[in-house]
Structures are given as C-alpha cells and as structure tokens.
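Asker: Before I ask anything, let me first share the structure, which is written out below as structure tokens.
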Amino acid sequence: MDASLARLRERVQSARRIVVLTGAGMSAESGIPTFRDALSGLWARFDPAQLASEPGFRADPKRVWSWYAERRAGVRAAQPNAGHLALGDFARRHPGRLTVVTQNVDDLHQRAGNTDAIRLHGDILQDHWLEPCPRRGGPACEPGRATPGEPPSCGDCGNLLRPGVVWFGEDLPASALQQAESAVAAAQLMLVVGTSGAVWPAAGLAGLARQGGAWVVILNPDATEIDDDAHEWLRGTAATLLPVLFG
Ligand code: OAD
C-alpha cells in the first residue's frame, strides 16, 4: 500500500469523530453523472439556469419535470459502489464515529447503510409543492389528475409539485446545514470525496473543519477549488480509495 494511504488509514482508525463530505464524484462509479466534469458532466450538456432553478421550472415545468424523471430513473437503477459500501460498513461497525454529509440527491449512501447521512441539497426521489398551500388553515394541496410527463398539480388551486432538490438561488435546509456544521466542529478528521468544491456553502465545510482543528484530506482524481483548505490530497477515485481506508 502507498505510504500516504497507509498513514491516512491509521488516522481513520484512530480518529474518534470523522466527517466524510461527498459530492457527485462519489456516485460516478455507480453510473450517475457528475455536474462539472468536462465531457460527461450534466452542466456540460444542460443549462442549470433552465433545469435547476425556480424561474427555469416556472418557465417550462414540463421540460424540467421530464429531466428529473429521467435522472430519478437513473438513481433507482444505480447501485451503491464499493466506496458507499465501505462507509456504510464502517458506520455499522463503529456506531457514532462517522458522519456522512452529502451534496448528492441520490439515495446511495442510505442504501449502503449510512441511513443518517446528512443531505445538504435535498432528495431527488421526493417532491414538494412549489408554493405554500394557498388555503391557509385548510388541508394541504392534493394532487389532481396527473398528465403523463407533466408535474402533478393541485386539483383545486393549480399549485405544482416540484422535485425535492435545492436549486440555484435557494437556501439549503437550515437544519441539515446546522447538523453538518456541528459534526464538522467535533471532527478530528474530515475527508472530502468527489466534489469540485464549486458550490457553497457546502464547499466551506472543509475550511471550517480545518479551522476547528480537524485533519482535512481531499480524495479526488483531479484538483478541486478547495485544495488549499486541505492538509493533503489523494488522487484517486471513491470506489478505489474508500475501501482501503475504511475496510
Ligand atoms: P461536480 O460535478 O462539480 O464535481 C464532481 C467532482 O467529482 C470533480 O471534482 C471530479 O474530479 C470528481 N470525480 C469524478 N469522478 C470521481 C470518482 N470516481 N471518484 C471521486 N471523485 C470523482 O459535483 P459536486 O461538487 O457534487 O447541486 O457539485 C456540487 C453541486 O453542484 C451538486 O450538489 C449539484 C450541482 O449543481 C445540486 O444538485 C443542488
């Protein structure tokens, strides 16, 4: 085993609290595309302003709904890879030592056993209403008859269901961010896996961990925007490195 990998494995074994922050690269080896990889990333082919923002959804709900339906099908068909499984297995063997904080909207960490993984950017398999229910004090909106390929709408007021992910211009769920910050503050070791570090506030968690005294390591085949926040970098993929570190 490579010496830096062996040293990091020792850190994993000895740290009382570990945070693993994951991004799209975590699920790449499960066949789910990343966002910013030059050729295969979703944002190389699709416009996030049209497909990942509330104005984009309002302008063309059908188009956005269909795009998410396709991504949902991809998530349902995907399986956790060796990296997800290594983290899930470690959490089972060492209760209370590992917190997974993810930017991913798939459910692969949960299916691998990290059932309490903190989701910063929501859940693509869930929906919620676009507007608060307009009938204050009354029952919540009810989906009316759904037209295939279109977002279900409320039979009474026309409110639309939308995918349960955080879009550009929206705040992260406050409780998830608070939980992530608390976990980071208590950690001795933080691994940042498969994220470009381009999206805040998630990207800021690495610097926060370092300020709080944690040893910060980036696991990624490429350089990231937050490399300067880390003490070291291992260039490799999630499914190859994590089983060695956590196995
Ligand atoms: P990006 O697409 O920005 O970055 C993916 C990172 O994964 C890159 O740094 C790649 O080098 C790395 N990578 C690729 N394959 C890998 C592998 N097999 N193992 C490890 N790393 C690999 O994705 P995120 O950083 O997650 O927002 O993007 C952050 C947010 O931007 C996403 O959560 C999404 C997007 O808009 C929402 O969905 C709200």
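The values are calculated or read from the model by the stated rules, or taken from the named source; none is laboratory data. Everything quoted here is computed from the prediction, not taken from an experiment. All Cβ positions, glycine included, derive from the backbone under ideal geometry; neighbour counts span all protein chains shown.
Asker: Would you confirm whether or not segment 130-153 contains a residue that is modelled with pLDDT under 95 and either under 20 Å from residue 196 (Cα atoms) or outside any loop (DSSP other than H, G, I, E, B) (or both)?
Answerer: Checked against the condition, which is being modelled with pLDDT under 95 and either under 20 Å from residue 196 (Cα atoms) or outside any loop (DSSP other than H, G, I, E, B) (or both), segment 130-153 yields at least one hit.
Asker: Okay, moving on. If residue 244 meets every condition in (1) in a strand (DSSP E or B); (2) assigned by TED's automatic domain parsing to the domain that holds residue 10 apart from one, which number is that one?
Answerer: (1) is the only condition that residue 244 fails.
Asker: Looking at segment 15-84, what helices (runs of 4 or more DSSP H) fall wholly within it and have at least 3 residues that are touching a residue at least 40 places away in the same chain (Cβ under 8 Å) and of a type in the set (D, E, K, R)?
Answerer: 61-77
Asker: So which residues in segment 12-24 are within 17 Å of residue 124 (Cα to Cα) and small (Gly, Ala, Ser)? Lay out the reasoning, then the answer.
Answerer: Here is the first cut: in segment 12-24, the residues within 17 Å of residue 124 (Cα to Cα) are 22-24.
The answer is 23, 24.
Asker: Shifting gears a bit: Give the residues of segment 147-178 that are in contact with a Ser or Thr (Cβ under 8 Å, 6 or more places away or on another chain) and either among the hydrophobic types (A, V, I, L, M, F, W, C) or buried (at least 16 other Cβ atoms within 10 Å of the Cβ) (or both), sorted by residue number.
Answerer: 159, 160, 161, 167, 168
Asker: Considering only segment 36-43, I want to know if a residue exists there that is more than 10 Å from the ligand (Cβ to nearest atom) and among the aromatic types (Phe, Trp, Tyr).
Answerer: no
Asker: Quick one: is residue 99 touching a Lys or Arg at 6+ places or on another chain (Cβ under 9 Å) and of a type in the set (Ser, Thr, Tyr)? Show your work before the answer.
Answerer: Numbers: touching a Lys or Arg at 6+ places or on another chain (Cβ under 9 Å): yes; of a type in the set (Ser, Thr, Tyr): yes.
So residue 99 passes the test.
Asker: Kindly indicate whether residue 194 is modelled with pLDDT of 95 or more and within 11 Å of the ligand (Cβ to nearest atom).
Answerer: Judged against the criteria, residue 194 is a match.
Asker: Could you run through segment 50-64 and say how many residues are within 11 Å of the ligand (Cβ to nearest atom) and in contact with a Gly (Cβ under 7 Å, 6 or more places away or on another chain)?
Answerer: 1
Asker: I'd like the full set of residues that are buried (at least 20 other Cβ atoms within 10 Å of the Cβ) and not in a loop (DSSP other than H, G, I, E, B), limited to segment 186-204.
Answerer: 189, 190, 191, 192, 193
Asker: Checking residue 175 against (1) outside any loop (DSSP other than H, G, I, E, B); (2) more than 25 Å from the chain's Cα centre (by Cα); (3) not hydrophobic (A, V, I, L, M, F, W, C): exactly one of these is not met. Which one?
Answerer: Just one mismatch for residue 175, condition (2).
Asker: Let me ask something else. How about segment 197-227: which of its residues are in contact (Cβ under 8 Å) with a residue 24 or more places away in the chain, over 24 Å from residue 237 (Cβ atoms) and within 16 Å of the ligand (Cβ to nearest atom)?
Answerer: 201, the sole residue that qualifies.
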